[in-house]
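In what follows, a single structure is set out as structure tokens and then discussed.
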Amino acid sequence: MKSYSWMISAILAAMVVAGCGKEEKAQTEDNPEVKQDEKQDEKQSEPVEAEDEETTSDESATAEQEEKSEDEEATSDGVEEASLDISGSWVAKGKDDGVKSKWFFNNGELAVNEKYEYVYKVEKYKDRHGYTVVKIIRDDNNMTALLLKGEGDSLEALTLEDDSFDQYFADGTVPDGQVIEFQRDGAAWDSKDEAVDLWELVHKNKANEVSKNIFWENYERDLWEVVEEGTSGDSMLLHFSNISGAGGSFTKFVSHGDRVEITEYNGNASYPQNPSVRYTVERADGKVVEMKNLTQ
């Protein structure tokens, strides 16, 4: 009996330890404060990489958007595409001094008072003041510009020259200069026959150099046709088919009131990029007053 006493003591001790564990577990389950503290500890020990990554991503996107917005504002003066059609003939008049001049815009070439001394380029977008910007380069490479506003056949312009040109393209400052009023020239063509009559008059005038290049036996008046795509306002584009039926040529007429500018394109493939000759004539008698060979 005495030899088993140590075994009984060990069993009793084990039961006491097990009982204490159950009691502690029960107390933990029954005590909401302890349970909440454990959950709090578990929550604090959870990884936070995903949250930090998401926050960093949002902040980067915001910063990138702000940076992009600032860059766009700094590099783009205008946001509206320029849509003014300035091609053709215009009469310009100073609003203050009343001085008039004739301007003719034609595919990048500009004639003022019937003399081609300039090339021009219309900027794609309006500036931040709503102006359509037309850069102009003279034959001497001096640059000027027009700031245009308006629509249709009536425009107003400010001119940029010398210091005002440099200042505007440096910081966008619009000068307080004289306003120039532009009105589209109202001269127009009544019919194809009117243009053909003038062409025949020019080439039958023996005083004109161009009259020496016509073989009238190969000419028939009814071989002229109007090209609708190139005919509007003061411009009329005609196509002449060779009498043989193979090939042909284009002729463009642009009215400037009492004078007409005629541009010849020899060969069907030459229009509109490769004109051969351009001359200005008097409407009344078909006399050539200015001529330029464009193939040299």
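The values are calculated or read from the model by the stated rules, or taken from the named source; none is laboratory data. What you see is a predicted model, and the numbers here were worked out from it, not measured in a lab. Glycine also receives a Cβ, built like all others from the backbone with ideal geometry; neighbour counts cover every protein chain displayed.
Structure data summary
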quantity	calculated
Identity of the residue in segment 103-112, surrounded by fewer than 17 Cβ atoms within 10 Å (Cβ to Cβ) and outside any loop (DSSP other than H, G, I, E, B), that ends up nearest to the chain's Cα centre (by Cα)	Glu109
Which numbered condition Val196 misses (of (1) in contact with a strand residue (DSSP E or B) (Cβ under 8 Å, 6 or more places away or on another chain); (2) within 24 Å of Lys102 (Cβ to Cβ); (3) in a helix (DSSP H, G or I))	(2)
Tally of residues being farther than 24 Å from Pro272 by Cβ and without any contact (Cβ under 8 Å) to a residue 40 or more places away in the chain across segment 198-220	8
Some residue of segment 251-269 being within 21 Å of Ser89 (Cα to Cα), touching a residue at least 12 places away in the same chain (Cβ under 8 Å) and surrounded by fewer than 16 Cβ atoms within 10 Å (Cβ to Cβ)	yes
Any hit, segment 198-221, residues being assigned by TED's automatic domain parsing to the domain that holds Val260, modelled with pLDDT of 90 or more, under 22 Å from Val91 (Cβ atoms) and surrounded by 14 or more Cβ atoms within 10 Å (Cβ to Cβ)	yes
Residues of segment 113-147 that turn out to be closer than 22 Å to Pro272 by Cα and at pLDDT below 90, as a count	4
Answer residue from segment 154-195, given it is charged (D, E, K, R) and under 21 Å from the mean Cα position of the chain (by Cα) and is nearest to Ala82 (Cα to Cα) among those	Glu156
Residue count for segment 222-248, restricted to those that are more than 28 Å from Gly88 (Cβ to Cβ) and assigned to a loop (DSSP other than H, G, I, E, B)	6
Of all residues making up segment 113-137, the number that are surrounded by fewer than 15 Cβ atoms within 10 Å (Cβ to Cβ) and in a strand (DSSP E or B)	5
